[in-house]
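**Student:** I am attaching a structure below and will ask some questions about it afterwards.
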Amino acid sequence: MANEFPQAVTIAGSDSDGSAGMQADLHTFFRRKVYGASILLACVAGNSYGIHAAVDLPEDFIDTEFKALADDYKIRAAKTGMISDSKIIRNVIRNYKKYDFGPLVVDPVITTKHGNVLLEKEAYKTLRDELIPLATVITPNFFEAQKLAEMDIKSKDDYVTAAKKLQSLGAKNVVLKGSHDDPKQTTVSDYILLESGKGFWLTGKFFDTERKNGTGDSLSACIAAELAKGKDVETAARIAKKFVDAAIEDQLPVAHKVGPINHWAPADDIEP
């Protein structure tokens, strides 16, 4: 019967080098045995040395992408990635509310993994005030969590406080990714706060490598894939942590500088 196979959609930009953005999401969907659809918002020309050009797609085209998928596919989970400005963020919000694409995983792409701000003030405010309240799960990196929670995170108690503040913005579940800026650290701990109020830590090895491009995209995509298969948020988060850690550990010899993670590395039968 048509549309029985689990399907998820990435709503994001295309990275021409395939290491992050929509391509990383689709790699992840494929590896987690979920059919991946895509709604393209922008195109980025880049490689392991950096981004060289970017262009947004017209809003009427984005509208048509949403409608085309809704008319034919049964999307069971969705995730967002980098959305460049307020106009396109609001377009995504309007279309997500219009169509039934299942639970939404919001990867709030506000800063880089090193803390550099990517969104202008107006777009940041629109994402915080209008998109995040729609999130079933939000997956900020360490710096994004500090900005959204409007606080410094220096201790485990701070992680818990920040996660609660993110929930107060409207996100039902929070996956707050731990800091990995200290080359002397041996582990990375992420804090998860569920809608039920349950909070717990997921700890994995720290890998001192430049081949980490697409980590955040893949984590949020893996959560979306597991939700599309009917898993609960806790199970999805546990699987995603193991998936990404394995993809970082087994390095892929591609490109020269900031390389991609290895989506082939994780086992097919990851257990939470």
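**Student:** Among DSSP bridges having both ends in the stretch 7-249, what percentage is antiparallel? Round to the nearest 5.
**Tutor:** Approximately 45 percent, going by the DSSP bridge assignments.
**Student:** Calculate, in nm to one decimal, what residue 168 and residue 256 gain on full extension: separation in residues at 0.36 nm each, minus their alpha carbon distance.
**Tutor:** 27.5 nm
**Student:** Still on this structure, I have one more. Residues of the stretch 1-39 with amide nitrogen under 16 Å from the 7 Å Cα-to-Cβ point of residue 209?
**Tutor:** Within reach of a label on residue 209: 19-20.
**Student:** Among (i) 1.11; (ii) 0.93; (iii) 0.99, which is the computed Cα Rg over 2.2 N^0.38 Å?
**Tutor:** Derived directly from the coordinates: (ii).
**Student:** So, in nm, how far is label residue 130 from label residue 85 when the simple model puts each one 7 Å beyond its Cα toward the Cβ?
**Tutor:** 1.3 nm
**Student:** Consider a paramagnetic label point 7 Å from the Cα of residue 53 along Cα→Cβ; state which residues of the stretch 13-46 have an amide N under 11 Å from it.
**Tutor:** 44-46
**Student:** Right, here's the next one. Roughly how big is the chain's charge dipole about its Cα centre, with Cβ charges of +1 (Lys, Arg) and -1 (Asp, Glu), in debye to the nearest 20?
**Tutor:** Taking the Cα centre of the chain as origin, the dipole is about 500 debye.
**Student:** Separate question: Using a ≥ b ≥ c from the Cα gyration tensor of the stretch 42-160 (square roots of the eigenvalues), is it rounded, prolate or oblate, where a/c under 1.5 gives rounded and otherwise the larger of a/b and b/c decides, a/b for prolate?
**Tutor:** Oblate, because a/c is 1.5 or more while a/b does not exceed b/c.
**Student:** To continue, here is another question. Calculated from DSSP H runs of 4 or more alone, at -39500 (n - 2.57) each and per residue, what is the 222 nm mean residue ellipticity of the chain, nearest 500?
**Tutor:** That calculation yields -11000 deg cm²/dmol at 222 nm.
**Student:** Taking amide H positions as placed in the peptide plane 1.01 Å from N, state which residues far from residue 47 in sequence (5 or more) or on other chains have amide H under 5 Å from it.
**Tutor:** 52
**Student:** Whose amide H sits under 5 Å from the amide H of residue 262, counting only residues 5 or more places off or on another chain, with H placed in the peptide plane?
**Tutor:** Residues meeting the criterion, in which the H sits 1.01 Å from N, are 248, 252.
**Student:** While we're looking at this one, here's another question. Calculate one ³J(HN,Hα) per residue across the stretch 90-104 by plugging θ = phi - 60° into the Karplus curve 6.51 cos²θ - 1.76 cosθ + 1.60, and present them in order as whole Hz with x for glycine and proline.
**Tutor:** Along the stretch 90-104, the couplings run 5, 4, 4, 4, 4, 6, 5, 5, 6, 10, 8, 10, x, x, 10 Hz.
**Student:** For each of 43, 222, count neighbouring Cβ atoms within 10 Å of the residue's Cβ, then give the residues from fewest to most.
**Tutor:** Going from sparsest to densest Cβ surroundings: 43, 222.
**Student:** If you average the sequence gap of Cα pairs under 8 Å that are 6 or more apart and divide by the length of the stretch 49-116, what percent do you get for the contact order?
**Tutor:** 39 percent.
**Student:** Next question, about the same structure. So if each residue of separation counts as 0.36 nm, and I subtract the Cα-Cα distance between residue 181 and residue 121, what length gain in nm does that give?
**Tutor:** 19.1 nm
**Student:** Another question, then. Once you charge only the Cβ atoms, +1 for Lys and Arg and -1 for Asp and Glu, what is the size of the charge dipole of the stretch 119-272 about its Cα centre, to the nearest 20 debye?
**Tutor:** For the stretch 119-272, the charge dipole is close to 200 debye.
**Student:** So for the stretch 7-249, averaging the separation of alpha carbon pairs under 8 Å that are six or more residues apart and normalising by length, what relative contact order in percent results?
**Tutor:** Answer for the stretch 7-249 is 19 percent.
Throughout, read-outs are computed from the coordinates displayed, never taken from laboratory work. Model, not experiment: these values are computed from the prediction. Reconstructed Cβ throughout: ideal geometry from the backbone, glycine too, with neighbour counts over all protein chains shown.
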